[in-house]
Amino acid sequence: MLSELEIQAVIGFTGKITQGLILHPDNEHIIYPLGSTIVVRHIISRAQTFLRGHDNQISVITVSRSGDYVASGQRTYMGFQADIIIWDFKERSMIHRLKLHKVLIQSLSFSYNELYLASLGGIDDKNMLIVWDIKAGKALYGTPNRDPVNQVQFYNQSDEKMIAVLNTGVQILTIDKQNKKIQSVDVNFGNVKRTFTCVAIDKNDKYCYCGTKTGDVFEIQMDMAIYKRLAPVKKLFSQGVNCLGLLPNGDIIVGAGDGVIAKVSFQTMQIVASSELLGGVTSITFTNDYTHFFTGTSQSNIYWLDTEKLLPELRNTCHYERINDVAFPHNYSDVFATSSLNDIRVWNAKNRQELLRIQVPNLECWAVAFMNDGKSIVSGWSDGKIRAFLPQSGRLMYVINDAHIHGCTSLTCTSDCQRIISGGSEGEVRVWEIGKQTQVMKSSMKEHRGRVWSIQVRRNNEQAVSASADGSCIIWDLKSFTRVMCLFESTLFKMVLYHPEESQLLTTGSDRKITYWETFDGQAIRMLDGSEEGEVNALAITKEGEHFVSGGEDKEVKLWGYDEGICYFKGQGHSGTITRITISPDQKSIISVGAEGAIFIWKMPESVINAKAQQELPTVQNIKKQNDSQQSSQQQQQSQQAPKDSQSQKSNPVAKSVKSGTKSSKK
């Protein structure tokens, strides 16, 4: 059995899930899904805990009235069962795993006294509605529906009544315990036709409010099953109503698809206050006193608003699209940068806060790297340009126009900060000399016939290796700008790495193999099966070269022993393909980024860190022995000539070596 990698922290929030952001009734934690993981975050301390049990993307999440239970459902592949998990919030543990639905869980709702859980399947599950016994974990009642159902919600004062929001209408459902059936009554809308999306029920179960894709809100009298009023009176909400919330005085908080959050008066049914947010509003969750509320958007932003004037305050932000690359500055672990579909973001690794955002409209950033001196962030873009930015302000330093024809797909910098080596989608590898005012192309090497996915440079800056989708890896001489060696394999190479000793190469690609190569003669030494399912996209190796990390389409982060070729640890949490992996310069954490926009920070296992410490220990002891022997011989030689100097050397042997070092550097 493989050991589990421990998640240290995550940066991300799946904002596209309706009502996916929930403020726990204790008013101290917010709960939200990220891929196949549920994140429980303390609001003040920002400490994170994780609920892990799903094997695919979470599609819905809900919390019981007391906060004791959390329920989550997932989506899966066609024909497979989709799991529902009921969690104990206090223990952060799984209580039941419920299996009956297929493909997708559309909606979940706890009953008033927390006796039942209602679950709703998708179209492939015939829109099946099932009521579960929470304590026993067994299904009690079930009924399919002809029309697609978007949401199901229990009444606030009853364990036997629910409301189901269909595409074409609204149904009031009653559990018939004697006949073990679910009875339904259609709400009468007269001649009005809408596509309904969501529902909110008032505390007394007298009225409910339903949002539509047209952008209006229906008020329904629940005991009569008839609609009473429409809101707003004059102007509809653009791109439909995604979610609704009710205040104690009856006012309605409406979240629209175009990012507008508005308060509609209960009496006049007119908009009283509104604000605009980044991304369509998907979640509304109130504090216990209803003075403030959190809201989540489709662009994965979390806002904090007051219920009076709806003034937004941005509390959390993250990527909401595919992340292409991740990079640390040279020998600095507190900050890292990620490049995504629409921007570059710089993050604080300790508190997971965004420090800087660099946006270039309508362009995708494919590669990002820090110069070794830390004075610039270099990036490759889909328009074929290489752009460099200042790391603190994000201001543009310089642009290399037309660096590559159809986009710059990979790049790296030399350790002396004087050259950039870049790769393009057409297969070119180009070397750029960076001056104070100029950026000059020194050479263009065109031997690859496919996209260049990865480039690495040796420490002495004399050679570089590039991996391409044409099935070749080429080692280049950066002095003569010619090919030194070529490695061929029937695969689309995705990643290439130098071993720290630079005597071997590590490659991976679409054939799911991780291959060791000898740099002397270009022979393949060893091949490992990196994955059983999909291609392997990412590799990262530790400074000592004892371990390396891989990730790819199987959505798992794997930690391997380099010499043994054995996978020791496995980390699950991503719901999309892992695109890049890196290890922090202090070797204490692993960072993986994925196609779903999530950033996972994994803790480096103690056994790996301890192994490194044990390796370093004998070398330190040897150095001490050498210093002691040198010190004793020097004391014997200089005891007669300079007694004062010998006394100082006895007290501080390191001071002499430092002193001699400074002298030699001056010479």
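The values are calculated or read from the model by the stated rules, or taken from the named source; none is laboratory data. From a predicted model like this one, the values you see are computed outputs, not experimental measurements. A quick note on method: Cβ atoms are made from the backbone with ideal geometry, for glycine too, and the neighbour counts reach across all protein chains shown. Surface areas here come from the heavy atoms of the whole protein model, side chains and all, with no ligands, DNA or RNA. Shrake-Rupley method; radii C 1.70, N 1.55, O 1.52, S 1.80 Å.
At a glance:
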{"read-out": "The chain, accessible area per residue, ligands and nucleic acids excluded (1.4 Å, Å²)", "value": "45 Å²"}
{"read-out": "Amide N proximity, the stretch 1-22 versus N348 label position 7 Å along Cα-to-Cβ, cut-off under 20 Å", "value": "8-13"}
{"read-out": "Separation between Cα centres of the stretch 340-395 and the stretch 238-316, rounded to whole Å", "value": "32 Å"}
{"read-out": "Leading residue at positive end of dipole, the chain (Cβ point charges), from V549, W132, A273", "value": "A273"}
{"read-out": "Folded to 0 to 90 degrees: helix 606-638 orientation relative to the chain principal axis, Cα", "value": "30 degrees"}
{"read-out": "Accessible carbon and sulfur surface of the stretch 310-465 relative to its total accessible area, %, 1.4 Å", "value": "43 percent"}
{"read-out": "Burial ranking of peptide ranges 297-310, 220-233 (average Cβ count within 10 Å, highest at the top)", "value": "297-310, 220-233"}
{"read-out": "The chain, dipole about Cα centre (Lys/Arg Cβ +1, Asp/Glu Cβ -1), debye to the nearest 20", "value": "1280 debye"}
{"read-out": "Rounded percent of accessible protein surface that carbon and sulfur make up, the stretch 33-183, 1.4 Å probe", "value": "46 percent"}
{"read-out": "Spatial separation of Cα centroids for the stretch 1-68 and the stretch 129-178, in angstrom", "value": "25 Å"}
{"read-out": "Neighbourhood net charge (9 Å Cβ-Cβ; Lys/Arg +1, Asp/Glu -1) for M397", "value": "+3"}
{"read-out": "Inter-label distance, nm, simple model (7 Å from Cα along the C-beta direction), S184/V440", "value": "7.5 nm"}
{"read-out": "Selection from I344, G407, S64, by position along the positive dipole direction of the chain (Cβ)", "value": "I344"}
{"read-out": "The chain: angle of helix 653-666 to the longest principal axis, Cα-based, in degrees nearest 10", "value": "80 degrees"}
{"read-out": "Distance violations [Cα-Cα > 23 Å] among K193/K309; K375/K555; K135/K177; K350/K436; K385/K446", "value": "K193/K309; K375/K555; K350/K436"}
{"read-out": "Cα-centre dipole for the stretch 483-619 with unit charges at Cβ (Lys and Arg positive, Asp and Glu negative), debye to 20", "value": "340 debye"}
{"read-out": "Accessible-area composition of the stretch 212-300, carbon plus sulfur, in percent [1.4 Å probe]", "value": "48 percent"}
{"read-out": "Normalised contact order of the chain, rounded percent, pairs of Cα under 8 Å and 6 or more residues apart", "value": "8 percent"}
{"read-out": "Extended-chain gain in nm, criterion 0.36 nm per residue less alpha-carbon gap, D133 and S265", "value": "43.7 nm"}
{"read-out": "Extended-chain gain in nm, criterion 0.36 nm per residue less alpha-carbon gap, D470 and C417", "value": "16.1 nm"}
